[in-house]
Amino acid sequence: MPRLVLASQSPRRRELLAQAGFDFTTTSLQISEIPDENLNLPDQVRGLAVSKADAWLAMAKPSEKQGILLLTADTVVVLDGQILGKPKDQKENRRFLEALSGCSHQVITAVCLVEGSTGKRVVDHDVATIAFRKLDPVEMEAYAASGDGLDKAGGYGIQGAAGKFIAKLEGAFDNVMGLPIALVERMLRENGWELERRK
């Protein structure tokens, strides 16, 4: 039975895996999150998740790869065909909120699983559609100033104070948080990977 290793800095992904009962360890990973614009949007996001897995595998010792199942993920917000990444500062966060206000957008999360000992790799993605209500300038300014959106794709977190901005959600809440657990479960099942679960 492989050991699950999450290669992610995201506390939200750790939280979602823990809530789902997975027994796992985490490892940090720093790569440039620049998508390949020659690909369609889902493939761009899938490519980022794969790049994260490849980067970790390239730097890991052979002993670290044995008996593990590596999980990487990447989440983007897409508005009118354009990716909104993590805002670089509060000013850009405010611009993102102004663009999202009163509009619908998509959230795409790609998941990559790699078996360390064999190199077997699978990747898939999930999409959610979110409609923001019309936002008041004061609340946009307050949210941007809070800094809560600076480490999040699109400049907001659905699970925090920005949850009140959402008028409608079509799709999985945890996809928008950064890790669609139902997709992870399906990928595990379809590939015959059984993992330790917390009692």
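So here's what we get for this one:
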item	result
Every residue from region 103-119 that is open to solvent by 20 Å² or more (accessible area, probe 1.4 Å) and either at pLDDT 95 or above or within 23 Å of E141 (Cα to Cα) (or both)	C103, S104, Q106, E115
Number of positions in region 1-54 that are assigned to a loop (DSSP other than H, G, I, E, B), open to solvent by 60 Å² or more (accessible area, probe 1.4 Å) and in contact (Cβ under 8 Å) with a residue 24 or more places away in the chain	3
Selection count where residues are closer than 12 Å to V78 by Cβ and in a strand (DSSP E or B), scope region 97-116	6
V122 vs. criteria surrounded by fewer than 18 Cβ atoms within 10 Å (Cβ to Cβ), of a type outside the set (D, E, K, R) and more than 30 Å from Q66 (Cα to Cα)	no
Residue match in region 134-157 (condition: more than 23 Å from A7 (Cβ to Cβ), assigned to a strand (DSSP E or B) and basic (K, R))	no
Residue list for region 55-88, filter: over 27 Å from A18 (Cα atoms) and assigned to a loop (DSSP other than H, G, I, E, B)	D80, G81, P87, K88
Selection status of V107, in contact with a His (Cβ under 9 Å, 6 or more places away or on another chain) and aliphatic (A, V, I, L, M)	no
Candidate set from region 55-102 (those that are among the charged types (D, E, K, R) and more than 30 Å from A145 (Cβ to Cβ)); member that is most open to solvent (accessible area, probe 1.4 Å)	K61
Residue selected from region 63-78 under the condition under 20 Å from the mean Cα position of the chain (by Cα) and in contact (Cβ under 8 Å) with a residue 60 or more places away in the chain, by the criterion farthest from A128 (Cα to Cα)	L69
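Okay, residues lined up against (1) open to solvent by less than 20 Å² (accessible area, probe 1.4 Å); (2) at pLDDT 95 or above; (3) among the aromatic types (F, W, Y):
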position: A145; (1), (2), (3): no, yes, no
position: G155; (1), (2), (3): yes, yes, no
position: I158; (1), (2), (3): yes, no, no
position: K168; (1), (2), (3): no, yes, no
position: F173; (1), (2), (3): no, yes, yes
position: P180; (1), (2), (3): yes, yes, no
position: L183; (1), (2), (3): yes, yes, no
position: E194; (1), (2), (3): no, no, no
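The values are calculated or read from the model by the stated rules, or taken from the named source; none is laboratory data. Predicted, not measured: the structure shown is a model, and the values here were computed from it. Because the Cβ atoms are built from the backbone with ideal geometry, glycine has one as well, and the counts that use them run over all protein chains shown. Just so you know, the surface numbers come from the protein's heavy atoms only, side chains and all, with ligands and any DNA or RNA stripped out. Shrake-Rupley method; radii C 1.70, N 1.55, O 1.52, S 1.80 Å.
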